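The values are calculated or read from the model by the stated rules, or taken from the named source; none is laboratory data. Just so it is clear, the structure is predicted and the values come from calculations on it, not from any experiment. FYI the Cβ positions are ideal-geometry reconstructions off the backbone, even for glycines, and counts take in every protein chain you see. To get the accessible areas, we keep the full protein, side chains included, count just its heavy atoms, and leave off ligands, DNA and RNA. Shrake-Rupley method; radii C 1.70, N 1.55, O 1.52, S 1.80 Å.
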Amino acid sequence: MRLVFNTHKVEVMNRTLLAVIGGSAFSILLCLCVSFLLPIEKMHAVAWSTMLVFIVFPAVVMWSFGVNNLKKAASFLSFLIVFLGAICWLLLDLGKPL
C-alpha cells in the first residue's frame, strides 16, 4: 500500500490540527481568563466560564476551516493563545496575597 499525500490532504490535516489543538488551547485559556474576571464566587465563576467552551470551541473549529489563508490563521490563533496565556498568568499573580 502506497501513501500519497497531495496538497489537499495535507491542508485538511493542517486545518484539523489547527482546529483541534489550537481551538482547545484557545477555549481553555479563554475559560480560565473569564473565570478569573467574573465577580461571583469562584465555584460559580468556573462553572459559568466552562459553559463558554461549548460555544467557543465549535466557533474556532468552523473558523479554522472557513479561513482562506492557513498561515495567517495559525499565526493569529497562536498570538491569541500567547496573549490569553499572559493575561491568565498576570491574573493568577494578582490574585495571590502578598
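If I filter segment 67-98 down to residues being without any contact (Cβ under 8 Å) to a residue 40 or more places away in the chain and open to solvent by less than 100 Å² (accessible area, probe 1.4 Å), which single residue comes out as farthest from HIS8 (Cα to Cα)?
Initially, segment 67-98 is screened for residues without any contact (Cβ under 8 Å) to a residue 40 or more places away in the chain, giving 67-69, 71-72, 75-76, 79, 82-83, 86, 89-90, 93-94, 96-98.
With the extra rule that they be open to solvent by less than 100 Å² (accessible area, probe 1.4 Å), the set shrinks to 67, 69, 75, 86, 90, 93.
Numbers: VAL67: 15, ASN69: 14, SER75: 20, ALA86: 35, LEU90: 41, ASP93: 44 Å.
That would be ASP93.
For the structure I just gave you, tell me whether SER64 is touching a Gly at 6+ places or on another chain (Cβ under 8 Å), closer than 17 Å to PHE79 by Cα and either among the acidic types (Asp, Glu) or surrounded by 13 or more Cβ atoms within 10 Å (Cβ to Cβ) (or both). For SER64, the condition - touching a Gly at 6+ places or on another chain (Cβ under 8 Å), closer than 17 Å to PHE79 by Cα and either among the acidic types (Asp, Glu) or surrounded by 13 or more Cβ atoms within 10 Å (Cβ to Cβ) (or both) - is met. So is VAL53 open to solvent by less than 100 Å² (accessible area, probe 1.4 Å) and within 21 Å of LEU94 (Cα to Cα) or not? In short, no. Would you pick out the residues in segment 1-20 that are outside any helix (DSSP H, G or I) and of a type in the set (Val, Ile, Thr)? Passing the criteria: only VAL4.
Across segment 51-66, what is the number of residues that are touching a helix residue (DSSP H, G or I) at 6+ places or on another chain (Cβ under 6 Å) and either of a type in the set (A, V, I, L, M, F, W, C) or farther than 21 Å from ASN14 by Cβ (or both)? Qualifying residue count for the region: 7. For segment 21-28, the count of residues that are assigned to a helix (DSSP H, G or I), within 19 Å of the chain's Cα centre (by Cα) and β-branched (Val, Ile, Thr) is nonzero. Only residues that are touching a Gly at 6+ places or on another chain (Cβ under 6 Å) and polar (S, T, N, Q) were counted in segment 31-61, giving 0.
Of all residues in segment 17-37, none are over 15 Å from SER78 (Cβ atoms), exposed (fewer than 11 other Cβ atoms within 10 Å of the Cβ), modelled with pLDDT under 90 and out of contact with any strand residue (DSSP E or B) (no Cβ under 6 Å at 6 or more places or on another chain).
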